[in-house]
Amino acid sequence: MTVLAIESSCDETAASVCRDGKILSNIIASQKVHEQYGGVVPELASRAHMQHIVPVVDQAMKTAGVPLDELDAIAFTQAPGLIGALLVGAQFARSLALALNKPLIPVHHMQAHVLANLIEEPSPSFPYLCLTVSGGHTQIVHCESPAIMKVIGETIDDAAGEAFDKTAKILGLHYPGGPLIDQYAKEGNPKAFKFPEPQIPGLDFSFSGLKTAILYFLQEHTRENPDFVKDRLSDICASVQQRIITILLNKLKKAAIETGITEICLAGGVSANSGLRKGLTEAGKKYGWKTYYPSLEYCTDNAAMIAITAYYKFIEGDFAGLDITPTARANW
Ligand code: KG4
Ligand code: ZN
């Protein structure tokens with residue numbers, strides 16, 4: 001079974017070919033155009049997807065060494081995401097499915113992040129818990145099988161990636177700031193400054209208070225020392241990162257206790273964070289969990305995760321008609 005998958009939900013145009021659950025190619029064109037605006041501009045994203053989609057798909061097919069007539073299905077990200085961006089991928093996938101007379105497989109972007117953990121060995125056994133942390137989402141997902149998963153905790157305001165990106169913006173670092181904070185944090189002391197941990201009931205998260213606390217903290221210190229950010233950048237990044245990580249891992253621990261599940265994974269762009277990866281491994285040793293996280297290329301947005309999800313949907317015969325349309329928001 002060979003599937004071509006397309007991802008275009010935000011600012012990466014991506015295509016991947018997967019044969020019998022094995023990824024043969026994973027091509028990504030990142031859109032640099034948004035950097036100067038400090039965030040993704042939806043209209044510019046749609047236009048860039050239109051420019052990138054044909055060369056990206058072409059390269060994915062060539063890298064995989066698969067001719068078009070060997071494809072058994074075309075998959076695409078159907079939701080959630082920026083509607084204009086999703087439409088480009090959906091329209092391309094529908095047209096190709098029609099031209100090749102092959103079935104179409106719509107994929108939920110967040111479910112695909114969760115299943116990215118199945119791309120490589122060792123992979124988690126079902127049931128597993130997945131902490132999915134990206135620029136738009138922060139969720140703990142109880143994953144029963146590739147087709148059955150449930151969100152058991154999520155953010156009530158900002159996502160973890162937003163906490164990273166907004167902190168970076170306050171510190172004058174360019175967008176997206178998550179990877180930069182990770183980089184500076186490696187040279188800093190995580191115990192240099194203490195930021196508050198929100199007291200949110202259950203398995204839900206909140207990050208908006210942290211952003212405000214950081215803003216006040218910086219205002220106070222720069223009043224005394226105008227060069228405070230410059231002088232202590234690494235320590236600030238390390239301390240903020242440490243707080244975000246403890247917020248995430250404390251809830252994950254709670255979820256593991258409540259469900260009795262000990263197979264624990266990370267997913268989404270923030271799971272590329274080196275401190276979070278290390279923190280999960282250490283927590284695993286402490287609490288007796290088996291822990292997993294995807295390779296870096298499968299953490300941030302990519303089409304390989306769409307392809308692996310489509311592979312499992314193909315086995316289930318879970319196809320859609322050519323009239324399927326993308327949606328910005330989606331239920332699980
Ligand atoms: O999953 P993703 O690529 O796109 C969304 O679906 O949102 O996640 C992007 C998010 C951004 O907020 C980015 O700053 C964050 O992931 N990110 C990181 C790191 N790499 C990416 N955050 C912290 N540390 C990193 N190394
Ligand atoms: Zn994503």
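List of remarks:
- Largest first and in whole Å, the equivalent-ellipsoid semi-axes of region 124-293 read 30, 15, 14, each the square root of five times a Cα gyration tensor eigenvalue.
- Region 117-194-region 288-327 distance, computed between alpha-carbon centres (Å): 18 Å
- Overall form of region 238-332 per C-alpha gyration tensor (a/c, 1.5; a/b vs b/c): prolate
- Of all DSSP bridge pairs formed entirely within the chain, close to 60 percent run antiparallel.
- Listed residue pairs exceeding 18 Å between alpha carbons, taken from 32/211; 169/278; 253/285; 102/313; 191/253: 32/211; 169/278; 191/253
- Extent along principal axes [Cα atoms of the chain; Å; largest to smallest]: 67, 46, 31
- Distance between region 58-81 and region 10-57 - C-alpha centres, whole angstrom: 13 Å
- Computed [θ] at 222 nm, helices only, for the chain once each DSSP H run of length n ≥ 4 contributes -39500 (n - 2.57): -14500 deg cm²/dmol
- Choice from 173, 131, 276 showing the highest fluctuation, given a GNM over the chain with Cα pairs closer than 10 Å: 173
- Relative contact order (%) - criterion: Cα under 8 Å, at least six apart; region: region 124-293: 29 percent
No value in this document is a laboratory result; all are computed from the given coordinates. Everything quoted here is computed from the prediction, not taken from an experiment.
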